[in-house]
1. Summing +1 for each Lys or Arg and -1 for each Asp or Glu, what net charge is found among the other residues whose Cβ lies under 14 Å from the Cβ of VAL69?
2. What's the extension gain from ARG98 to ASP36 if we count 0.36 nm per residue and subtract their Cα-Cα distance?
3. In what sequence do VAL64, VAL69 fall when counting other Cβ within 10 Å, fewest first?
4. For the residues PHE79, PHE108, what sequence is obtained by ranking on other C-beta atoms within 10 Å, fewest first?
5. Hey, could you get me the Stokes-Einstein D for the stretch 37-111, Kirkwood radius over alpha-carbon pairs, 25 °C and 0.890 mPa s, rounded to whole µm² s⁻¹?
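Just so it is clear, none of the values below were taken in a lab; they were calculated from the coordinates. Note that the structure is predicted; figures quoted are calculated from it, not measured. Positions of Cβ are generated from backbone atoms using ideal geometry, with glycine treated the same way; all protein chains shown enter the neighbour counts.
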Amino acid sequence: MDFEFTALVCPYMFKTLSRFTSSFAALLSEPPIEIDVVGRLEHIRIAMLYQLAMMDDSAHCSYVWLCVVRAREIQALWFLRSDLVSALANSVGEQAAREKVDPITEMFRGLIPKQYLDGPGPNPRNRAR
């Protein structure tokens, strides 16, 4: 009888002990950093749609608009930046389009890996001689 009781009680005791230690460790550790991904995603979406709204209506603009509206993940919006630059470049030129998208690119900081924001780095072939 003693063996059966021990077999029944021990798993419960270990589970309780585990909960206690993890709760105690959580109290001693720093609070987790929470990022409002959904709120920031919507903020980025609105910024992209605002830039598209300033353009003339075209088939490419409508396509990009639809893709931005339908994007559900931050990665989808990240990769739609190139389509946004392309659509803007048709209207205002490539340099101006990049200047309009640069602030939107900065909005992704903290949501995507840092190396995506930093880019590949300077191209040594483009240096002045």
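1. Counting the neighbours of VAL69, the net charge comes to 0.
2. Extending this stretch completely gives an extra 19.7 nm.
3. Ranking VAL64, VAL69 by Cβ neighbours within 10 Å, fewest first, gives VAL69, VAL64.
4. The most exposed by this proxy come first: PHE79, PHE108.
5. 202 µm²/s
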